[in-house]
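Nothing in this text is a laboratory measurement; each read-out follows from the coordinates by a stated rule. Bear in mind that the values here come from a model prediction, so they are computed numbers and not experimental data. Here the Cβ is made from the backbone with ideal geometry for all residues, glycine too, and neighbour counts use every protein chain on show.
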Amino acid sequence: MIIDFHTHCFPDRIAERAIEKLSFLSGGLEHSTNGTLQGLKDSMQKYGVDISVVLSIATNEQQQQNVNEFAKTIDNKKDIFSFGSVFPFAKDFEEQLEKIKEMGLKGVKLHPDYQGFFVDDEKMKPLYKKISDLGLITVFHAGMDYGFAPPYCATPERIARALNWFESPVVAAHWGGINCNEGVLEHLCGKNIYFDTSFGYSMMPRYYALKILEKHTPDKMLFGTDTPWHTPQMELRLLNNLGLSDTDMEKITSRNAKKLLGI
Ligand SMILES: [Zn+2]
């Protein structure tokens, strides 16, 4: 079984526009789906993925409702688990998080660069406290982002600091942080945090992938792709070239995610 812990799709009516805009902002990144749920499902079938976790973010207060309604609509607890989104500066952030919990969604994605905050800003403490109280999983975008200029808002040092304010599971995407391998080794490996493997192919030097796996252990790694930006085939190529045992591979591609999602 393969669980992909990091995918994206959008409501049909805005999918094409959303994908084109994100691709443009990221320097013309190619996309392997048309951005719709059906596109994601076709990709899952093509590459043998059984379950996808869909991550979306609200980039302002007004978007929260629509993003979470969409998440609720597509989340079927079978092949799609969709996370909700909260805008950190929204007046009603606590209410939104409660709704997400009531909808039965398992977690939220936070993207500090798109949402305009540093992960370790003390102002975020009440947000993290509420997430923790509800027992939701938090996936952070981590490291550099193709669409933004530095300084990056979720570096390993900053995530390590923020981690102290959480009591529910935290996932740092992209092997703990795109282009932050030394920082990941120094500040995050060995801590109580998961890394997803998304967007690693061709970005992640084999040397660092092995180092991170050794220090962080396969017990805290989650297979992820960042579909439509990378494909399952790409990310599996990277993992298949690291000499992992069958057991470790199984932990990364499904067992850890099952445990985290409670399935
Ligand atoms: Zn992503």
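Select from the range 43-73 the residues that are among the small types (Gly, Ala, Ser) and in a loop (DSSP other than H, G, I, E, B) and list them in ascending order.
Within the range 43-73, Gly48, Ser56, Ala58 meet the criteria.
Quickly run through the range 84-108 and pick out the residues that are in a loop (DSSP other than H, G, I, E, B) and polar (S, T, N, Q).
We begin by selecting, within the range 84-108, every residue in a loop (DSSP other than H, G, I, E, B); these are 85-92, 103-106.
Listed by number, the list holds a single entry, Ser85.
In the range 1-44, what residues are surrounded by fewer than 18 Cβ atoms within 10 Å (Cβ to Cβ), farther than 20 Å from Thr197 by Cβ and out of contact with any Ser or Thr (no Cβ under 9 Å at 6 or more places or on another chain)?
Arg13, Ile14, Arg17, Ala18, Glu20, Lys21, Phe24, Leu25, Gly27, Gly28, Asn34, Gln38
For residues that are without any contact (Cβ under 8 Å) to a residue 40 or more places away in the chain and under 19 Å from Glu69 (Cα atoms), scanning just the range 18-40, find the one that is nearest to the ligand (Cβ to nearest atom).
That would be Ala18.
So which helices (runs of 4 or more DSSP H) stay within the range 144-263 end to end and still have 3 or more residues that are within 16 Å of the ligand (Cβ to nearest atom)?
The helices (runs of 4 or more DSSP H) meeting that bar are 232-240.
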